[in-house]
Amino acid sequence: MPDTEETTIPGAGTAVGTASGPRTPVQLFEVSTLYGAATLAAALDAGLFGPRHRARRVLLVSNNAEVPETASRLDGMQGWHRLAARFDQVVDWNDTIRPHHPSTWTPAANDSPLWERMFRASWGLGDGPVDLVVESVHVSPAKALATVFADASVHVYADGLMSYGPTREKLPQTTACRIQRLLHLDLVPGLTPLLLTEYGVPSELVPSETFRAVLDELDDADDHTADADDDTAPASDAAPTAVLLGQYLAALGILTVDEEEALHERMLRGAAAAGHRSVLFKPHPTAPARYSRVLEKAAADTGVRLVVPERPMLAETVFRRYRPRLVVGCFSTAMLTASALYGVPIARVGTELLLDRLTPYQNSNRIPLTIVDALVPDLETGEPEAGGGARGAVVTDSEEAVRRIEPLVRAVGYCMQADRYPGLRAETEAWLTAHFGDDTARYFKRRRLTALGLPGGLTPGLVRRLPGSATALRAARRVKRATARGRKG
């Protein structure tokens with residue numbers, strides 16, 4: 001039996017009315033980020049999983065960082081104990097499957113009954129029905145859990161902008177038929193998720209006001225007296241007025257380490273040029289735990305006071321605590337949270353480079369990147385300008401802007417996964433015919449448009465004279481046949 005680190009929340013398992021017994025329904029919640037845990041907490045508080053006494057709630061915590069030992073643990077992050085208290089039991093998934101990595105381990109289907117019996121016995125689940133609540137259902141650890149608990153109903157929650165894009169991979173029918181719904185945050189109000197729609201999965205909003213209340217709770221849970229010697233709690237006259245959001249693009253292989261450091265430096269210099277004299281840099285929680293001196297040098301060069309949190313915390317906690325006048329990032333989900341929930345102007349840096357660099361075209365980061373590039377002003381050009389000289393804008397309060405980008409997002413989504421969304425072809429053709437040009441070409445690849453036979457691609461006559469043309473033409477014909485079958489169905 002695997003070594004499993006298990007934590008029972010004090011009082012939770014013995015609360016009056018809490019379900020117990022061998023046939024008690026079980027809800028298994030898989031989480032890998034504090035933001036995701038906050039999303040789940042908001043869904044629970046909003047009653048989206050029914051009354052607490054109806055089922056035993058188990059939280060499976062997975063650290064999916066490339067090298068988990070170098071990334072911050074969730075149980076060490078501010079406010080974690082408040083979130084964990086909503087569950088009857090907390091299990092460390094990494095310790096459960098050690099020495100396997102959570103992102104790569106999936107049991108063979110024939111072995112799933114054995115693993116299910118083992119986990120039920122190890123976690124004390126009994127033999128009652130199970131509901132799985134997972135993120136990114138097409139990859140592990142969610143994929144592994146769906147394989148092990150082969151009869152469980154599946155609920156998917158999306159804790160970021162990827163919910164607006166297409167499903168990354170085709171799901172096994174045995175999994176797809178069990179998915180009940182997609183829970184998501186209203187980060188771009190009015191924009192409809194594309195994720196899982198090819199399987200007829202309905203989407204359901206986690207209320208923004210409930211999510212904001214959970215985020216406030218995380219901040220309130222902190223012992224502020226412990227901040228007396230913490231450089232992230234400066235005097236009010238020196239408090240950070242701009243927040244820079246780091247990501248983990250080098251760890252994902254999208255940028256080199258030097259390129260990512262240069263991107264962060266551009267963020268700082270752009271904030272300084274916009275008049276900010278105190279800047280807080282918020283590293284991504286799953287990025288390797290290292291601190292680059294490039295930002296420190298850039299801060300010294302520009303006369304900016306640089307603050308780096310010593311204790312891991314959500315970006316949203318930073319927004320609430322310091323009320324910044326500007327949030328800068330590349331395509332971080334937290335940028336849209338700052339705008340949608342806190343009304344903070346936001347600005348982007350480096351999206352055009354990433355749109356060109358991101359491979360393959362169907363990379364799931366393409367939709368978040370497209371949304372941010374299309375909605376958020378560029379920090380370095382300063383257009384448009386808003387609020388106190390800060391180069392940024394509150395973008396999610398513009399219904400017109402959201403209506404404008406929705407067809408773009410759907411067109412990019414179709415080009416990413418054309419075989420799965422044949423119903424989007426006609427509107428994609430119409431949008432490209434009307435809008436493809438110098439201002440929008442960066443969202444598409446000429447080779448992709450050519451392979452799909454879409455406006456903006458090369459003409460068939462020219463394609464025939466190019467190396468590899470036969471492959472492109474065959475791909476275009478396959479897509480057209482799939483589209484025709486979809487229309488007939």
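FYI, it's all coordinate maths here, none of it is from the lab. These numbers were taken from a predicted model, which means no experiment stands behind them. Neighbour counts are summed over all protein chains in view; Cβ atoms, including those assigned to glycine, are modelled from backbone coordinates with ideal geometry.
At-a-glance table
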| read-out | value |
| --- | --- |
| Virtual spin-label span in nm between THR433 and ALA85, 7 Å along Cα→Cβ | 6.0 nm |
| Two-site FRET efficiency, ASP111 against TYR361, from Cβ-Cβ distance with R₀ of 41 Å, rounded to 0.05 | 0.70 |
| Fully extended contour minus Cα-Cα distance, from ASP75 to LEU252, at 0.36 nm per residue | 61.3 nm |
| Separation between Cα centres of segment 436-457 and segment 65-94, rounded to whole Å | 43 Å |
| Sites ARG311 and VAL67, calculated FRET efficiency, Cβ-Cβ separation with R0 25 Å, nearest 0.05 | 0.75 |
| Area projected by the alpha carbon convex hull of segment 6-216, averaged over all directions, nm² | 11.5 nm² |
| ALA213 versus ARG447: modelled label distance in nm, points set 7 Å from Cα along the beta carbon direction | 5.1 nm |
| Estimated distance in nm for a label pair at ASP419 and LYS170, the labels positioned 7 Å out from Cα along Cα-to-Cβ | 0.5 nm |
